[in-house]
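One structure is given below, encoded as structure tokens.
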Amino acid sequence: MKREARKKSHLLPISLFLLLLSLLALGSATFAWFTFNNSTRVEPMAGSVGDGDVSLLISDSATGPFDKECQLPLVNNTQELQPLSTADLKKFYAAAAQNRQGITLSYRDVTDTAEKCMLHGTVYLQSKNRSCDVYFFAPQLNFGTDGQVLSSLRLALRIQSRTDGEKTRFFRLDDLGGAGAETRATVSEDNVVVSSANAAGAPVYVADPAENISAYLAQADGETDTKPRAGQQRLCALEADEVASVEFWLYLEGCDPNCFNSVQTRDLSLQLAFAGVAGEQQDE
């Protein structure tokens, strides 16, 4: 009995040590939760009254009805975002283990459950009566005002239109108010995302495909500006009365140096806004 008691007394410190290790592991994990309101808006196309009724409209259905505003149709009613990393929106990975410095050493494939950790849906745009180039419209675009969150998020769009075909683009949102966000290295390389991981979780990194969203913003003077002007780069071109699909993903990029524990329990607003600019279309 005494020998058994001595064995149990040796087990207690080991158990406490293992508990401490598990708490440290949880403390170094990268995660975040958000609440959000979802809606989306579009702005009228630039054009004079003499050009007729020229407008960009939106719907949550390819067959309409189309209007200037619609609710964002989400695949899942997600109530929290958790860090993911992807290079192509086909495979998603999450950190599985980190070292003492907080650098991720291995990843797990979370593709099957990724929908629960991000916002994903599809809207449809229609250019009434006239062709146009489509841009984001900054005065109505809204992802919240928290700089740390904005710097950690990625917005991805997959747009299908007749003129441009199918195009997938990733956007950083830092330009919308991420100045002053804290940074901390959580991966061994800079400006990368995870493209794959082997059976042991060892990652293959590739260059982050995200672009600054500012290049795709229509130029406008303020919230009351109803005649936006062409930006640097269009999202897509629409022919007269054409309907284009815009599939969207909003998620935390876990490899971003702004995405670490200080992003916890922040609120997120989501409002997508597009503007159609009539006139000579750009060549890409």
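Quick notes on this structure:
- Evaluation of MET118 against (1) within 16 Å of the chain's Cα centre (by Cα); (2) surrounded by fewer than 21 Cβ atoms within 10 Å (Cβ to Cβ) (one fails), failing number: (2)
- Residue in the range 170-177 that is closer than 23 Å to ASP146 by Cα and either open to solvent by less than 10 Å² (accessible area, probe 1.4 Å) or modelled with pLDDT under 85 (or both) present: yes
- In the condition set (1) in a strand (DSSP E or B); (2) surrounded by fewer than 18 Cβ atoms within 10 Å (Cβ to Cβ); (3) not charged (D, E, K, R), THR163 is compliant with all but (1).
This table checks each residue for (1) out of contact with any helix residue (DSSP H, G or I) (no Cβ under 6 Å at 6 or more places or on another chain); (2) β-branched (Val, Ile, Thr); (3) farther than 22 Å from CYS117 by Cβ.
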{"residue": "ASP146", "(1), (2), (3)": "yes, no, no"}
{"residue": "ALA156", "(1), (2), (3)": "yes, no, no"}
{"residue": "ASP164", "(1), (2), (3)": "yes, no, yes"}
{"residue": "GLY178", "(1), (2), (3)": "no, no, no"}
{"residue": "SER195", "(1), (2), (3)": "yes, no, no"}
{"residue": "ALA200", "(1), (2), (3)": "yes, no, yes"}
{"residue": "GLU211", "(1), (2), (3)": "yes, no, yes"}
{"residue": "ARG234", "(1), (2), (3)": "yes, no, yes"}
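- Meets criteria (touching a Cys at 6+ places or on another chain (Cβ under 7 Å) and under 23 Å from PRO73 (Cβ atoms)) for ILE213: no
- Annotation: of all residues in the range 98-115 being farther than 26 Å from VAL75 by Cα and among the hydrophobic types (A, V, I, L, M, F, W, C), the one that is least open to solvent (accessible area, probe 1.4 Å) is ILE103.
- Search result, residues across the range 190-204 that are open to solvent by 60 Å² or more (accessible area, probe 1.4 Å) and more than 29 Å from PHE136 (Cβ to Cβ): ASN198, ALA199, ALA200, VAL204
- Residue among ARG184, ARG229 that is of a type outside the set (Ser, Thr, Tyr), touching a strand residue (DSSP E or B) at 6+ places or on another chain (Cβ under 8 Å), at pLDDT below 95 and open to solvent by 20 Å² or more (accessible area, probe 1.4 Å): ARG229
- Just one of (1) open to solvent by 10 Å² or more (accessible area, probe 1.4 Å); (2) under 14 Å from the mean Cα position of the chain (by Cα) fails for PRO139. It is (2).
- Given (1) open to solvent by less than 20 Å² (accessible area, probe 1.4 Å); (2) under 28 Å from ALA62 (Cα atoms); (3) assigned to a strand (DSSP E or B), index of the condition ALA94 fails: (2)
- Residue match in the range 216-226 (condition: more than 26 Å from SER59 (Cα to Cα), in contact (Cβ under 8 Å) with a residue 12 or more places away in the chain and touching a strand residue (DSSP E or B) at 6+ places or on another chain (Cβ under 9 Å)): no
- Search result, residues across the range 57-91 that are assigned to a loop (DSSP other than H, G, I, E, B), within 17 Å of PHE248 (Cβ to Cβ), in contact (Cβ under 8 Å) with a residue 24 or more places away in the chain and not polar (S, T, N, Q): ASP60, ALA62, LEU72, PRO73, VAL75, LEU81, ASP88, LEU89
- Some residue of the range 100-111 being modelled with pLDDT of 90 or more and in contact with a Lys or Arg (Cβ under 8 Å, 6 or more places away or on another chain): yes
- Meets criteria (surrounded by 20 or more Cβ atoms within 10 Å (Cβ to Cβ) and not in a strand (DSSP E or B)) for VAL123: no
The values are calculated or read from the model by the stated rules, or taken from the named source; none is laboratory data. Note that the coordinates shown come from a computational prediction; the quantities given were computed from them, not determined experimentally. Cβ: placed from backbone, ideal geometry, glycine included. Neighbour counts: every protein chain shown. Just so you know, the surface numbers come from the protein's heavy atoms only, side chains and all, with ligands and any DNA or RNA stripped out. Shrake-Rupley method; radii C 1.70, N 1.55, O 1.52, S 1.80 Å.
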